[in-house]
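Note sheet for the following structure.
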Amino acid sequence: MDERLERNIVLALESKNTSLARSYIIEAFDQDCECAMVQVYLGILNEIENHQAKAMRHYRAALALDGTNNLALYNMYRLGDGHHEPIRFR
C-alpha cells in the first residue's frame, strides 16, 4: 500500500468517517490482499463500528501475516483486556 493511501485511511479512521475509510481500505486490499496493515485497519474500522469480535479477528489475521506488527499487537491486547486505552492508528 502506498503512503498516500495509508495516510488517507488513517485520517478517515481518526475522524471516524467509516464510509470513506472503508472505500480506502478496499482500494488497499485490491493493491495487496496479503498486507498486514490492511487487516489492522479493518480491525480498527470494526472497533469504531462497535464490532469487537470482528475487530479481534482482523488483528489476529494481521499477526498471522506479520507476527511483528506492533500496531496489531497493541490494539488486540488492548481490546482483549477491556482496557479503556485509546485505539492506536499509527
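General observations
- The helices (runs of 4 or more DSSP H) located wholly in the chain that include 3 or more residues which are open to solvent by 70 Å² or more (accessible area, probe 1.4 Å) and out of contact with any Cys (no Cβ under 9 Å at 6 or more places or on another chain) occupy 3-14, 18-31, 52-65, 70-81.
One line per residue, one yes/no per condition, for (1) in contact (Cβ under 8 Å) with a residue 40 or more places away in the chain; (2) touching a Pro at 6+ places or on another chain (Cβ under 8 Å); (3) small (G, A, S):
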| residue | (1), (2), (3) |
| --- | --- |
| R4 | no, no, no |
| E14 | yes, no, no |
| E27 | no, no, no |
| D30 | no, no, no |
| N50 | no, no, no |
| A53 | no, no, yes |
| M56 | no, no, no |
| Y59 | no, no, no |
| A62 | no, no, yes |
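- Selection count, segment 37-90, where residues are among the hydrophobic types (A, V, I, L, M, F, W, C) and over 21 Å from T18 (Cβ atoms): 4
The values are calculated or read from the model by the stated rules, or taken from the named source; none is laboratory data. Computed from a predicted model, the values in this text were never measured in an experiment. With ideal geometry, Cβ positions are generated from the backbone for all residues, glycine too; neighbour counts draw on all protein chains shown. Accessible surface is based on the protein model in full, side chains and every heavy atom, while ligands, DNA and RNA are left aside. Shrake-Rupley method; radii C 1.70, N 1.55, O 1.52, S 1.80 Å.
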